[in-house]
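The values are calculated or read from the model by the stated rules, or taken from the named source; none is laboratory data. Computed from a prediction, not measured in an experiment: that's the story for all the values here. Cβ: placed from backbone, ideal geometry, glycine included. Neighbour counts: every protein chain shown. When the accessible area is computed, the model is the full protein with side chains, heavy atoms only, and any ligands, DNA or RNA have been set aside. Shrake-Rupley method; radii C 1.70, N 1.55, O 1.52, S 1.80 Å.
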Amino acid sequence: MEAVLKYSSRHPKPAGLSLQYGTAGFRTKAEHLDHVMYRMGLLAVLRSKKTKSVIGVMVTASHNPEEDNGVKLVDPLGEMLVQAWEVYATNLANAEQQELQTVMTFIIQQEDIKMDQKASVAIGRDTRPSSESLSQAVIDGVTALDSKYHDYGLVTTPQLHYVICCRNTNGEYGEPTIDGYYKKLSRAFNELVKQVAVCGNGRLYLNVDGANGIGALKLKEMEQHLNSVLSLKLYNEGCKGKLNCECGADYVKVQQKPPQGIEVKPLDRCCSFDGDADRIVYFYKDHGGVFHLLDGDKIATLISTFIKELLVKVGLSLQMAVVQTAYANGSATRYLEDVMKVPVYCAKTGVKHLHHKAQEFDIGVYFEANGHGTVLFSKTAEDQIRQLASEETTDDKKKAAQTLQNTIDLINQTVGDAISDMLVIEAILSLKGLTVQKWDEIYTDLPNRQLKVKVADRKVIETTDAERRTVRPPGLQEKIDNLVNKYNLSRAFVRPSGTEDVVRVYAEADTQDNADALAHEVSLAVFHLAGGVGDVPKPLR
């Protein structure tokens, strides 16, 4: 412990600062994070000793502004840190200097960690100006406990997740290098689209907004592997603009308009990554210049429809489901359940909840509306598909099984991955002969509106049913139900923010005016019944 305390004095904790390990780790202004990074280096070593596996530490604040930063820990199979350890992370980050040893000892005893067990930590970072020095603080934490680390430098979050999974499965998931990642994905993509290229459709064209982040950098490296089938035009590639500033998936989704610095011609297919490339949304403009967003719901529908059709072709009766959050558009849910006959389940907001639910099925497709998601295949499903691909004698069935097999290889099952998801979408559109407009027309989103209401204490709101209904404060849910009954095809829910004292309001209805009116009325109910502060919410129109 002597070395731990010695190194710790180089990474002092600001007095009174308290942080919470949230859905995506710690996230705040970069200047407040040096001590947190050092301590997450310590925690990663303890987690590595406990699991006898390589543990990942990713330095990133994803879609947040450039001046922020954060850290995510990655568990042995590339999944997010197990929930029980989030509490340890919070306690360790918030411990005052003199309490550090006590908190460390508690974790070691509680988890029965053998300190002579070897440990190994893999570290990655995004392109923020603060990321390199914060990454060094993580290394100091690993070094203080006399453990090994591999610094992968600049990588996307999904690439680090991929590497962790490869390393802990002895290469079964793939070659544990960034080059191995490019080769695995590009081989699968090239195999999928070559059957179309033979038909003379030629190259695919796509405009990509890289959010001035790591995704743009890595996409450039990968382009050479894509056999010139996919022609990418990169915008916001980080040469001059600020990370996530008026660009990126979150900006496009929230603002409902194209990012700055990209010229969108009618029916041009475009997509936006977020800052660490684990989210993606598509968009285009029609001939009238109207902007159309294809978010996580549209992506989940496209992918699950494609997989369901292939399963029917090969005659496999695997249990497949789509997992959404309460923010999923009602039209997407109805289309999947009524037209495609694919069961839909709702999980709490936050990808770790969706990932966990998706693991219950042979094939679990999950996407948050913000574009963060992937597809999980159980070992049983993978084995059956690969067996069919190698043994099937009927031409049509064999081809469908091989398409499924290549789709599995193209998907990054560890975590949502903008590059992987982009290639899956491009392959599906190509194989199905769909334009971006035809994809968009599969179903029409119900008009919706998201608002937030400032409250004195967000904890007064308690929810149930995957955050779709409130149980506290008394009377709020009854009020929401009465308001919803006033409008056609409508629904609304409220949930407390995970990070600030605001309550998020979501409403949808048959027209935009009705969705806006419902969202406003629900906001007023929250303001009056849940301790609103500041100005009373004003009507939107």
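Mind listing the long-range amide H neighbours of TYR149? Cut-off is under 5 Å, sequence gap 5 or more, other chains count too, H placed in the peptide plane at 1.01 Å from N.
Result for TYR149 returns VAL121.
Using a 1.4 Å probe on the protein heavy atoms, what percent of the accessible area of region 1-84 belongs to carbon and sulfur?
51
Round to the nearest 10 and report in Å² the accessible area of ASP112, as given by a 1.4 Å probe over the protein chains' heavy atoms.
For ASP112, the solvent-accessible surface is approximately 100 Å².
Identify the trypsin sites (Lys or Arg not before Pro) of region 1-88 meeting these criteria: DSSP loop state and at most 12 other C-beta atoms within 10 Å of the C-beta.
ARG10
Within the accessible area of region 198-308, what % is carbon and sulfur when the probe is 1.4 Å and the other protein chains stay in place?
Carbon with sulfur: 46 percent of the solvent-accessible area.
Taking the Cα centre of region 117-235 as origin and charging only Cβ (+1 Lys, Arg; -1 Asp, Glu), how large is the dipole, in debye to the nearest 20?
Once rounded to the nearest 20, the dipole reads 340 debye.
Show ASP68, ASP481 ordered by accessible area, largest first, where the area counts protein heavy atoms only and the probe is 1.4 Å.
The ranking, largest first, comes out as ASP481, ASP68.
When the Karplus curve 6.51 cos²θ - 1.76 cosθ + 1.60 is applied with θ = phi - 60°, which whole-Hz ³J(HN,Hα) does each residue of region 36-43 get, with x for Gly and Pro?
Karplus values, whole Hz, x for Gly and Pro: 5, 4, 4, 6, 6, x, 4, 5.
Order the following by accessible area, largest value first: MET115, MET58. Probe radius 1.4 Å; ligands, DNA and RNA are ignored. Walk me through the intermediate numbers first.
On the way: MET115 80, MET58 0 Å².
So the residues, ranked largest to smallest area, are MET115, MET58.
Each residue of region 170-179 in turn: what ³J(HN,Hα) in whole Hz from Karplus with 6.51, -1.76, 1.60 and θ = phi - 60°, glycine and Pro shown as x?
Residue by residue, region 170-179 yields 6, x, 4, 7, x, 6, x, 9, 5, 5 Hz.
Equivalent ellipsoid semi-axes for region 168-255, as square roots of 5 times the alpha carbon gyration tensor eigenvalues: give them largest first, rounded to whole Å.
26, 20, 11
Rounded to the nearest 20 debye, what is the charge dipole size of the chain about its Cα centre when +1 sits on each Lys and Arg Cβ and -1 on each Asp and Glu Cβ?
That gives a dipole near 40 debye.
Under a straight-distance cross-link criterion of Cα-Cα below 14 Å, which aspartates and glutamates are reachable from LYS29, leaving out those fewer than 8 residues away in the same chain?
Partners within reach: GLU66, GLU67, ASP68.
What percent do you get for the relative contact order of the chain when only Cα pairs under 8 Å and 6+ apart count? Walk me through the intermediate numbers first.
On the way: 1137 pairs, mean separation 59.6, N = 541.
The normalised contact order for the chain reaches 11 percent.
Count the lysine pairs in region 210-300 whose Cα atoms lie under 22 Å apart, taking only pairs 8 or more positions apart in sequence or on different chains.
Lysine pairs satisfying the spacing and distance rule in region 210-300 number 23.
At a 1.4 Å probe radius, which order do ASP274, ASP501 fall into by accessible area, largest first?
ASP501, ASP274
Enumerate the whole-percent occupancy of each 5 Å bin, from 0 to the last occupied one, for all C-alpha pair distances of region 74-173.
2, 11, 16, 22, 25, 15, 7, 1, 0
Considering region 126-282, what Rg and Dmax in Å follow from its alpha-carbon atoms?
Answer for region 126-282, Rg first and Dmax second: 17.7, 59 Å.
Accessible area of region 95-148 with a 1.4 Å probe: how many percent of it is carbon plus sulfur?
After summing per-atom areas, the C and S share lands at 47 percent.
Could you derive backbone 3J(HN,Hα) for region 243-252 from the dihedral phi with the Karplus parameters 6.51, -1.76 and 1.60 (θ = phi - 60°), listing whole Hz in sequence and x where the residue is Gly or Pro?
Couplings: 3, 6, 8, 6, 7, x, 4, 5, 4, 5 Hz.
Rounded to two decimal places and with Rh computed the Kirkwood way over Cα pairs, what is Rg over Rh for region 1-114?
0.94
Run the dipole for region 170-240 about the Cα centre, Lys and Arg Cβ at +1, Asp and Glu Cβ at -1, nothing else charged, and hand back the magnitude in debye, nearest 20.
220
Per residue, how large is the accessible surface of region 317-426? Use a 1.4 angstrom probe and give square angstrom. Intermediate results must be reported in sequence, preceding the final value.
On the way: 3820 Å² over 110 residues.
Normalised by residue count, the accessible surface of region 317-426 is 35 Å².
Give, to the nearest whole percent, the P(r) tail of region 1-51 beyond 14 angstrom, counting all Cα pairs.
In whole percent, the long-distance tail amounts to 60.
Please compare each pair in LYS379/LYS399; LYS72/LYS357; LYS184/LYS438; LYS313/LYS438 to a cut-off of 27 Å on the Cα-Cα distance and tell me which ones are over it.
LYS184/LYS438
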